[in-house]
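*Asks:* Structure below; questions to follow.
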Amino acid sequence: MCLSLRHMERVSGLGVGPLAAGTVGLLILLKVIQRLRHKQSVQDKVVVITGASSGLGKECARVFHAAGARLILCGRDQKRLQEVVEELGNKNSVIQTYTPCTVTFDLSNTSVVSSAAEEILKCHGHVDVLINNAGISYRGNILDTHVSVQRDVMETNYFGPVALTQAILPSMVDRRTGHIVVISSVQGKISIPYRSAYSASKHATQAYFDCLRAEVERLGLQVSVISPGYIRTNLSINAVTGDGSKYGVMDKTTARGSDPVDVARAVLKAVCHKQKDVVLAGLLPTAAIYLRTLWPALYFRLMASRAIKEHRVKEE
Ligand SMILES: NC(=O)c1ccc[n+]([C@@H]2O[C@H](COP(=O)([O-])OP(=O)(O)OC[C@H]3O[C@@H](n4cnc5c(N)ncnc54)[C@H](OP(=O)(O)O)[C@@H]3O)[C@@H](O)[C@H]2O)c1
């Protein structure tokens, strides 16, 4: 090994150190060029982000704003959205950035979604990218969960994004351009115990947007489904329980999750590269997705053991 390194040094006339430094420099340069290209591809584009007041939505707002997108931030709380706008306004940027617009509405109330979509379209006359990010989680045992809670989670995570997408879609079809993104979850691909309402809503989301992708491709539109594993946000704190009350706990899994900045960057990359389906998870959840398809009997056994373990912990 030493001999061959010395031989390389003699042949090239260079030391290994400068060679390694040169390679690292080149990789950094490539990364910078890639970031610049990502930024250019959303520069001046009209990007709608739901759930922009916190967590992943807020980070997406930061990342797309820095890339020069014209943002329309949505949420239920105008004050919190305004705080995000002010925070973004204070950043120095080398590229042209825009002050975001805000539109306030409750996604779980589908009767207000079409008027919210009209308001969104009035901001800049069109939408280039719609990021359906808003969502709510759930923790509970099916036996103790009211059907109304199953329905409420479905309204926010499934019917809300569906209603908003369908309200914006005709204007994208007219312009023969547009990109619809939905933030699903690894739990949209596999189900784990005590997450029924959440997992069901994300499975439905995956199914709907897979259909949409196929139907609108011929019209020049793109659809990306992003399925992250745990992200370090307040999702578990804001989750609802079986009786509809707030869970209010930062789960260890969530606290140890990915940095929302990294996930937001992956969302930008998915838009720039027109990626259709992106799983952002570690080895174990990714393996579990394959296991569910290739060896379901083992997957079911593992989930049943997990349910017993979690039940015991709760009992203690
Ligand atoms: N954190 C994770 O571990 C994780 C993992 C995979 C996928 N995800 C997905 O990532 C997305 C973002 O969640 P997050 O982790 O950033 O959680 P978060 O911090 O709790 O943010 C959720 C956002 O959704 C908005 N929202 C909730 N209910 C709404 C409603 N009825 N109408 C309008 N907006 C509503 C909230 O806005 P207001 O409360 O201000 O209205 C908030 O901005 C969700 O779709 C979630 O399922 C999260």
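*Asks:* Pairs of Cα atoms under 8 Å, at least six residues apart: use those to get the relative contact order of the chain, whole percent.
*Replies:* Taking the mean separation of contacting Cα pairs over the length of the chain, I get 16 percent.
*Asks:* Distance in nm between label sites at His146 and Gln166, each 7 Å beyond Cα in the beta-carbon direction?
*Replies:* Reported label-point gap for His146 and Gln166 is 2.6 nm.
*Asks:* If you don't mind, there's one more thing I want to ask. What Kirkwood hydrodynamic radius do you get for region 41-180 when you take the inverse of the mean 1/r over all pairs of distinct Cα atoms, in Å?
*Replies:* 15.6 Å
*Asks:* Calculate how many DSSP beta bridges within the chain are antiparallel, expressed in % of all such bridges and rounded to the nearest 5.
*Replies:* If we restrict to bridges inside the chain, about 5 percent are antiparallel.
*Asks:* Give the dimensionless ratio obtained when the Cα radius of gyration of region 118-268 is divided by 2.2 N^0.38 Å.
*Replies:* Output field value: 1.10.
*Asks:* Give the distance, in whole Å, between the Cα centre of region 210-287 and the Cα centre of region 138-167.
*Replies:* Spelled out, the Cα-based centre of one part sits 16 Å from the other.
*Asks:* Please compute the length gained on full extension between Gln96 and Thr23, using 0.36 nm multiplied by the number of residues separating them and subtracting their Cα-Cα distance.
*Replies:* 23.1 nm
*Asks:* Using only DSSP helix segments of four residues or longer, with each worth -39500 (n - 2.57), what per-residue ellipticity at 222 nm results for the chain after dividing by its residue count and rounding to 500?
*Replies:* Mean residue ellipticity at 222 nm (helix-derived): -17500 deg cm²/dmol.
*Asks:* For Gln43, which sequence-distant residues (separation of 5 or more, or a different chain) have an amide H within less than 5 Å of its own amide H, given hydrogens modelled in the peptide plane?
*Replies:* For Gln43, no residues qualify.
*Asks:* Treat every Asp and Glu Cβ in region 179-226 as -1 and every Lys and Arg Cβ as +1, leave all other atoms uncharged, and give the resulting dipole magnitude about the Cα centre to the nearest 20 debye.
*Replies:* Magnitude of the dipole: close to 160 debye.
*Asks:* How big is the chain on each of its three principal axes, counting only the C-alpha atoms and giving the largest first in Å?
*Replies:* Principal-axis extents of the chain (Cα, largest first): 75, 53, 40 Å.
*Asks:* How large is the translational diffusion coefficient of region 60-138 in µm² per second when you combine the Kirkwood radius over alpha carbon pairs with Stokes-Einstein at 10 °C and 1.306 mPa s?
*Replies:* My calculation gives 118 µm²/s for D.
*Asks:* Run the numbers on region 201-316 and let me know its relative contact order in percent, using alpha-carbon pairs under 8 Å that are six or more apart.
*Replies:* 24 percent
*Asks:* Taking R0 as 25 Å, what's the FRET efficiency between Val112 and Ser191 from their Cβ-Cβ distance, rounded to 0.05?
*Replies:* E(calc), rounded to 0.05, equals 0.25.
*Asks:* Give me Rg over Rh for region 191-237, both radii from the alpha carbons and Rh done the Kirkwood way, two decimal places.
*Replies:* With Rh from the inverse mean 1/r over Cα pairs, Rg/Rh is 1.09.
*Asks:* Considering the options Val129, Gln166, Gly244, tell which one lies farthest towards the positive end of the dipole of region 42-281, charges being +1 on Lys and Arg and -1 on Asp and Glu at the Cβ, about the Cα centre.
*Replies:* Farthest towards the positive end: Val129.
*Asks:* Here's something else I'd like to know. Quote the FRET efficiency, to the nearest 0.05, computed for Ala255 versus Arg76 with a Förster distance R0 of 30 Å and r equal to the Cβ-Cβ distance.
*Replies:* The formula returns an efficiency of 0.75 here.
*Asks:* Okay, next question. Among Leu107, Leu268, Leu29, which one shows the biggest mean-square fluctuation in a GNM of the chain, springs joining Cα atoms closer than 10 Å?
*Replies:* Most flexible of the set in this elastic network: Leu29.
*Asks:* What range in the chain is the longest one free of trypsin sites (Lys or Arg not before Pro) that are in a loop by DSSP and have at most 13 other Cβ atoms within 10 angstrom?
*Replies:* In short, 1-90.
We did not get these values from a lab; they are worked out from the coordinates using the rules stated. Because the structure is a prediction, the values reported are computed rather than measured. Note that each Cβ is placed from the backbone with ideal geometry, even for glycine, and that neighbours are counted across all protein chains shown.
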